[in-house]
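Data block below; observations after.
Every read-out reported here was derived from the displayed coordinates using simple, explicitly stated rules and does not represent laboratory data. Since the structure is predicted, the reported quantities are computational estimates derived from the model, not experimental observations.
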């Protein structure tokens, strides 16, 4: 069985020796950032914060919506 240090060294050395892979990982990180941060900010605004002032009001609204859809 391999120890954690051996597994870490395996991946560390592999990433250190990459040439094209580093650019691909950078591209993946940029895409994930765009998907989860920018797209979420543009297309999914926090509607509950704009409609309600307190957490209690928000939670009551969500509970009401969940129970309303469950009854149908």
Report task. Using only Cα atoms, tell me the angle between helix 20-33 and the longest principal axis of the chain; keep it within 0 to 90° and round to the nearest 10. Result -> 10 degrees
Report task. Using only Cα atoms, find the angle between the long axis of helix 55-71 and the longest principal axis of the chain, and express it within 0 to 90 degrees, rounded to the nearest 10. Result -> 80 degrees
Query raised in the report: Taking only DSSP H segments of four or more residues, each worth -39500 (n - 2.57), what value at 222 nm results for the chain once the sum is divided by all its residues, to the nearest 500 deg cm²/dmol?
Result: -22000 deg cm²/dmol
Query raised in the report: In a solvent-free Debye calculation with one equal scatterer on each Cα, what is log10 I(q)/I(0) for the chain at q = 0.24 Å⁻¹, listed in the order of the q values?
Result: -1.07
Query raised in the report: Any idea what angle helix 4-16 forms with the longest principal axis of the chain, computed on alpha-carbon atoms, 0 to 90 degrees, nearest 10?
Result: 80 degrees
